[in-house]
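None of the figures in this text is laboratory data; all of them are computed from the coordinates on show. Worth saying up front: this structure is predicted, and the values here are computed from it rather than measured. Every residue, glycine as well, gets a Cβ built from its backbone with ideal geometry; the counts of neighbours run over all protein chains shown.
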Amino acid sequence: MQARSTLALPSALDPAHAGRWLRLAADNGVVFLDYDGTLTPIVARPELATLSAGMRATLVRLAARLPVAVVSGRDVSVVAGLVGIDGLAYVGSHGLDITGFGDGTTRHEAARKFVPRLDAAERELRRATAGIPGVLVERKRFSVATHVRLAAPADRTAVESIVAGVARAHPSLRRERGKMVFELRPDIDWDKGRAVCWLLDALDRDPSAGLFIGDDLTDESVFRALSGRGLGIVVSEAGRPTAADLRLAGPTEVQILLDRLADAAAAAAHRG
């Protein structure tokens, strides 16, 4: 699928396009959701991104009717604690760590052997950025993220160079760029898109059953994985290339869509 600008995509809430996701209410749909910037607004520090009571209630209603998975770059235990809802699947570390739908039987760790190399990269990044105000090095189980949202614009290029240097020193790690963050993670053929397909297969569902909503550059792997089969919705108010099908403006619109999908799933169950 050829990438289009996010601003060229129709709104997922447009009645002319709502049927593309409402069909999942009666067609064994599986809902995959990014966390930061999708279920919560983007904030200056990762620990401040808390789920609102309204969004949590919406997720509980939806998960009572359809399988729901939260797909994040955070550690799987961290995102599960932030969401705090039993029975969901949680995908952490950009797909490298997966826990299944509440029964404890579905678990996949794709990068355990890389932990010592990540430990070394973390130490080097902390030393190299210690004197730069506003830089936050966040260690996750299977990645190291260097946040620059609070750093001065003039310092961000220097931080990017530092991360690139650490990446060169550890060729088994791959450097990725997100929204105001540079991340090092294992250089293996696994990402959020592969993780979503793995969970769909574990549920014995075709990719056409998948709906994914996300906002970050790392979410593009899921949009590509579902392209032409499932449905991808990007959360964005700015223009950038995307493989998504539809667009939402922010977490408020995400909640509106999920509420409507939960209503439709409840109605489908009642008819059945």
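Starting from the Cα gyration tensor of region 197-272, take the square roots of the eigenvalues, sort them a ≥ b ≥ c, and report rounded, prolate or oblate (rounded when a/c is under 1.5, otherwise prolate if a/b is larger than b/c, else oblate). Oblate, since a/c reaches 1.5 and b/c is not below a/b.
Mind checking the full-extension length gain between Ile132 and Leu150? Use 0.36 nm per residue of separation minus the Cα-Cα distance, one decimal, nm.
Working: separation 18, 0.36 × 18 = 6.48 nm, distance 1.04 nm.
Result for the pair: 5.4 nm of gain on full extension.
Compare the peptides 65-74, 236-245 by average per-residue count of other Cβ atoms within 10 angstrom and give them in order, highest first.
Numbers: 65-74: 24.7, 236-245: 17.4.
Order by mean packing, descending: 65-74, 236-245.
Shape call for region 41-102 from the C-alpha gyration tensor, a ≥ b ≥ c root eigenvalues: rounded (a/c under 1.5), prolate (a/b greater than b/c) or oblate?
Details: a/c = 2.29, a/b = 1.12, b/c = 2.04.
Note, shape of region 41-102 comes out oblate.
Alpha-carbon geometry of the chain: the Rg and the Dmax are 18.5, 62 Å, given in that order. Mark the label point 7 Å from the Cα of Ala266 along Cα→Cβ and return the residues of region 62-99 whose backbone N is within less than 18 Å of it. Backbone N within reach: 62-68.
For a footprinting-style exposure proxy, rank Trp198, Trp21 by other Cβ within 10 Å, fewest first. Don't jump to the answer; show the numbers that get you there.
Working: Trp198 17, Trp21 24.
With the sparsest Cβ surroundings first, the list reads Trp198, Trp21.
Helical runs (DSSP H, four residues minimum) scored at -39500 (n - 2.57) apiece and divided by the length of the chain put the mean residue ellipticity at 222 nm at -11000 deg cm²/dmol. Reported to the nearest whole Å, the Cα centre-to-centre distance from region 39-98 to region 172-228 is 15. For region 185-194, backbone phi angles converted through the Karplus equation (6.51, -1.76, 1.60; θ = phi - 60°) give residue-by-residue couplings of 8, x, 8, 10, 7, 8, 7, 4, x, 5 Hz, Gly and Pro being listed as x. Taking the 0 to 90 degree range and rounding to the nearest ten, how far is the long axis of helix 153-169 tilted relative to the main principal axis of the chain, both from C-alpha atoms? It works out to around 80 degrees. Panel order for Met55, Met180, by other beta carbons found within 10 Å of each beta carbon, from fewest to most: Met180, Met55.
Taking a straight line from the alpha carbon of Lys179, these lysines sit under 20 Å away, with near neighbours fewer than eight places off in the same chain left out: Lys140, Lys192.
Work out how much length Ala8 to Asn28 would gain on full extension: take 0.36 nm times their residue separation and subtract the Cα-Cα distance, in nm to one decimal.
On the way: separation 20, 0.36 × 20 = 7.20 nm, distance 2.93 nm.
Contour length minus Cα-Cα distance gives 4.3 nm.
Coupling constants for region 248-262 follow from the phi torsions by the Karplus curve (6.51 cos²θ - 1.76 cosθ + 1.60, θ = phi - 60°), and in residue order they are 10, 7, x, x, 4, 5, 4, 5, 4, 4, 5, 4, 5, 5, 5 Hz; glycine and proline get x.
Determine, for Thr58, Thr157, the number of other Cβ atoms within 10 Å of each Cβ, and report the residues in order from fewest to most. If you can, show how the numbers build up before the last one.
Values: Thr58 22, Thr157 10.
Result, fewest neighbours first: Thr157, Thr58.
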